[in-house]
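What follows is a single structure, written as C-alpha cells, with notes after it.
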Amino acid sequence: MLLNLIHLGRVDYTTALDLQRQLIEARHVQRIGNTLLLLEHPPVLTLGRNSSRGNILASDDLLARRGVEIHEINRGGDVTYHGPGQLVGYPILDLRSFTPRLGAIDYVRRLEEALIRACSDFGVVAQRIAGRTGVWTIPGGAIPEKKIAAIGVHIARGITSHGFALNVTTDLRDFDLIVPCGISDRSVTSLDLEVDSRTTLRPAPTMENAIHATARHFGRVFDHQVLWLESLADLNLEEPALQG
C-alpha cells in the first residue's frame, strides 16, 4: 500500500485541526489513501480527553504573555506541549485497510515501534514502558527513564487522527509549564540531549534528519511504500492558508 507523506513545516494548531478534519472525511469516503502529516507547531498546550486542568502549572497570564495557546481536543491522554524543535506526526489512516485490520492497541504499539527505530538511527536506545504510552529512554544508574516521544490518538469510524510528538531539538524548559502527560515522577528529554556527541557515524539530530528517519521507519513498520508529496494540492483538497 502507498502512504502519502506531506511535510508542512510550522503550522498553527487551529489550522492543523481543520486540516485533519478535512483529511479524515476524505479518507472515510476514500477520496485519499492513508496519509501522514509531519510538521511543527508554535508553542501550544493540548488537553486530551483524560486531562486534568490542574496539570497546567503556569497561570493563564503567564501563558498569554508567552503566546502559548490552550486547546481541548478529543485525543486520548492528558496535557502535553508542542513547540518548535518538536516533530509532530498526524497519521490519517483507515485501520480497516490493513490485513488483518489493526486494532487501537496494535496501532499505538506500531507508532511506538516506528519512533523507537527512528531514535535508534541517532544512537539513542529507546523503549516502551508498560502502562505508560509513548517512547522512553533506557534508565542508566540512578537516572530513571525519560520520555522522548508522546503519543495521543483518536479513532472514529476506523480512521485515525492526532498522533505523536518526538522531541528533536525542543527547548525542554517549556515543559515546566505543565505536568507532561500527567506524569509527575519522570522528566522529558530530546534527541539532541541524548545523542553521544563523540559518535560521528550517526546522523546529527536535526529536524530534517528526524523527519527522514521517522518517515522511513513509519513506512516499514506499517508496511507502506512512502510517497512524498510536494503539497496538500497533490491530494486534490482545497488547501487552507497555513500559518506559522
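For region 80-95, the count of residues that are open to solvent by 20 Å² or more (accessible area, probe 1.4 Å), touching a residue at least 12 places away in the same chain (Cβ under 8 Å) and in contact with a Gly (Cβ under 6 Å, 6 or more places away or on another chain) is zero. Filtered by the rule that a residue be under 22 Å from Cys181 (Cβ atoms) and surrounded by fewer than 18 Cβ atoms within 10 Å (Cβ to Cβ), region 18-42 gives a lone residue, Pro42.
Every residue, every condition in (1) at pLDDT below 95; (2) in contact with a helix residue (DSSP H, G or I) (Cβ under 9 Å, 6 or more places away or on another chain); (3) over 20 Å from Ala215 (Cα atoms), yes or no:
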{"residue": "Tyr13", "(1), (2), (3)": "no, no, yes"}
{"residue": "Asn34", "(1), (2), (3)": "no, yes, no"}
{"residue": "Ser51", "(1), (2), (3)": "yes, yes, yes"}
{"residue": "Asp60", "(1), (2), (3)": "yes, no, yes"}
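All of (1) in contact with a strand residue (DSSP E or B) (Cβ under 6 Å, 6 or more places away or on another chain); (2) of a type in the set (Asp, Glu); (3) more than 21 Å from Thr214 (Cα to Cα) hold for Glu40 with one exception: (3). Scanning region 55-73 for residues that are of a type outside the set (A, V, I, L, M, F, W, C) and surrounded by 12 or more Cβ atoms within 10 Å (Cβ to Cβ) returns Asn55, Glu69, His71, Glu72.
Restricting attention to region 193-215, and to residues there that are out of contact with any strand residue (DSSP E or B) (no Cβ under 7 Å at 6 or more places or on another chain) and under 16 Å from Val88 (Cα atoms), which single residue is most open to solvent (accessible area, probe 1.4 Å)? Here the residue is Glu208. When region 181-225 is filtered for residues that are farther than 16 Å from Gly85 by Cβ and in a helix (DSSP H, G or I), the ones remaining, listed by number, are Cys181, Gly182, His212, Ala215, Arg216, His217, Phe218, Gly219, Arg220, Val221. Taken together, the criteria exclude His154 from residues that are crowded, with 21+ Cβ neighbours inside 10 Å and either in contact (Cβ under 8 Å) with a residue 12 or more places away in the chain or not basic (Lys, Arg) (or both).
Restricting the search to region 112-139, which residues are without any contact (Cβ under 8 Å) to a residue 60 or more places away in the chain and either buried (at least 17 other Cβ atoms within 10 Å of the Cβ) or closer than 19 Å to Leu5 by Cα (or both)? Of everything in region 112-139, those that are without any contact (Cβ under 8 Å) to a residue 60 or more places away in the chain and either buried (at least 17 other Cβ atoms within 10 Å of the Cβ) or closer than 19 Å to Leu5 by Cα (or both) turn out to be Glu112, Ile116, Ala126, Thr133, Gly134, Val135, Trp136, Thr137.
With the structure loaded, tell me whether Val226 is in contact (Cβ under 8 Å) with a residue 24 or more places away in the chain and open to solvent by 30 Å² or more (accessible area, probe 1.4 Å) or whether it fails that test. Taking the combined requirement at face value, the residue satisfies it. Selection of region 160-176 for residues being in contact with a helix residue (DSSP H, G or I) (Cβ under 9 Å, 6 or more places away or on another chain), in contact (Cβ under 8 Å) with a residue 40 or more places away in the chain and surrounded by fewer than 21 Cβ atoms within 10 Å (Cβ to Cβ) yields only Thr169.
The values are calculated or read from the model by the stated rules, or taken from the named source; none is laboratory data. These figures come from a predicted structure and were not determined experimentally. Note that each Cβ is placed from the backbone with ideal geometry, even for glycine, and that neighbours are counted across all protein chains shown. These area figures cover heavy atoms from the full protein model, side chains too; ligands, DNA and RNA do not enter into them. Shrake-Rupley method; radii C 1.70, N 1.55, O 1.52, S 1.80 Å.
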